[in-house]
Amino acid sequence: MKMKRVLLWFLLGCLMIFYLLPVYVMLVNSLRDASSVSLSTMWELPHHLSMQGFIHAWSLLSPNLQNSLWMVFPSALISSVIGALNGYIFSKWRFKGSEFLFALLLFGFFIPYQAILLPLVRFLQWINLYGTIPGLILTHVVYGISVTTLIFRNFYIHIPNSIIEAATVDGAGTLGAFWRVIMPLSLPAFAVALIFQFTNIWNDFLFGITVVPNPQSQPVTIALNNLSGSFSVDWNVVMAGAILAAIPTALVYIGLGKLFVQGLVSGSVKA
C-alpha cells in the first residue's frame with residue numbers, strides 16, 4: 001500500500017511538472033532581453049533579469065485588459081443569475097412542456113459560433129450595439145444561458161422540495177423562495193458557473209474580433225494576438241503579455257477554487 005502511494009505521488013509530480021513546463025518557458029523568456037531570446041536558450045534561466053518585456057506588454061495591453069474586465073464580470077454574473085432562475089424553474093416548478101423547453105434551451109449550447117456570426121452582427125447593428133463592449137456583453141450573456149441553466153438545474157435537483165414547501169407555507173412566493181431560501185444555498189453552483197463563464201468569455205477570440213472590430217475597444221485576447229509583428233516578434237514581450245492575460249483567470253480559480261470543488265462534489269455538473 002505504501003509503495004502504491006509513493007508511485008501515485010511520483011506520477012502526480014511528473015504530471016504537474018509536465019503541465020507547468022509551458023508556464024516555465026513563458027516566465028523565463030519574459031524576463032530576458034529581446035536580443036537574448038532564442039530556441040537554443042529558451043529552457044535556460046536568464047543570466048540577467050529584465051522587466052522590459054512586462055513594461056512594454058503592459059503599455060500595449062492595459063487598455064485591452066480593461067476592456068476585458070468591463071466585459072467579463074457583467075457577462076459572467078448576468079448569465080449566472082439568469083441561469084440560476086431558469087434552473088430553479090425547470091427543477092422545482094415544472095409545467096407542461098418544460099422538459100421540451102429545457103432541451104430546446106440546451107440546444108443553443110451546441111450551436112457553433114461560426115453559424116450565428118452573420119445574424120449576430122446584423123442584429124447588433126439593428127439595436128445599435130455593434131462595435132461596442134455592451135454588444136459583446138449581450139452576446140456572451142445570451143450564449144452562456146444554456147450552460148448556466150444546465151449547471152443550476154442539476155444542482156437544484158438535489159435540494160429537497162420540502163425546503164421550498166416550508167418557505168411557501170411561511171408566505172414566500174415563487175420568487176421569494178428563490179431569493180431567500182435557494183440563493184443562499186447556491187454558492188457552490190455559482191462558483192462553477194462563474195468560473196466556467198469567466199474562463200470561456202475571457203479566452204474568447206472569435207466574438208471579440210467579430211463584434212468589436214475597433215482595436216481600441218477589443219478584448220485582451222485579440223490585442224495579445226496582435227503583439228506578433230509581420231516581420232519580427234519580440235518574444236519576451238509576447239511571453240510577458242501572455243502571463244499578464246492569464247493572471248485574472250488564475251486569480252478567479254484561486255479565489256473560487258474551494259467553492260468550485262464543493263459544486264463539483266454536490267452534483268452541480270452531473271448529467
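The values are calculated or read from the model by the stated rules, or taken from the named source; none is laboratory data. Values in this document were obtained by computation on a predicted structure and should not be read as measured data. Counting neighbours? That spans all protein chains shown, and the Cβs are built from the backbone with ideal geometry, glycine included. Please note that ligands, DNA and RNA were not included when accessible areas were found on the heavy atoms of the full protein model with its side chains. Shrake-Rupley method; radii C 1.70, N 1.55, O 1.52, S 1.80 Å.
With +1 on each Lys and Arg Cβ and -1 on each Asp and Glu Cβ, how big is the dipole of the chain about its Cα centre, in debye rounded to the nearest 20?
The calculation lands at about 780 debye.
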Given the Cα-Cα distance of F110 and K96 and 0.36 nm per residue of separation, how much length would full extension add, in nm?
2.6 nm
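For Y19 and L117, compute 0.36 nm times the residue count separating them, minus their Cα-Cα distance, and round to one decimal in nm.
Values: separation 98, 0.36 × 98 = 35.28 nm, distance 3.42 nm.
Net length gain for the segment: 31.9 nm.
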Could you pull out every whole DSSP H run in the chain that spans at least 20 Å of Cα extent along its own axis and averages -1.0 or higher on the Kyte-Doolittle scale?
2-30, 52-92, 133-156, 187-203, 235-265
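Excluding ligands, DNA and RNA, what is the solvent-accessible area per residue of the chain at a probe of 1.4 Å, expressed in Å²?
Values: 15860 Å² over 271 residues.
Result: 59 Å² per residue.
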By the C-alpha gyration tensor axes a ≥ b ≥ c (rounded if a/c is under 1.5, else prolate when a/b exceeds b/c, else oblate), the shape of the chain is oblate
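Report the relative contact order of the range 39-168, percent, no decimals, based on alpha-carbon pairs under 8 angstrom and at least 6 residues apart. If you can, show how the numbers build up before the last one.
On the way: 79 pairs, mean separation 56.3, N = 130.
Value for the range 39-168: 43 percent.
Quickly rank 183-190, 97-104 as a protection proxy: mean count of other C-beta atoms within 10 Å, highest first. Numbers along the way, then the final one.
Working: 183-190: 18.0, 97-104: 12.0.
Top of the packing list down: 183-190, 97-104.
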Quick check: at a probe of 1.4 Å, how many percent of the accessible area of the chain sits on carbon and sulfur atoms?
72 percent
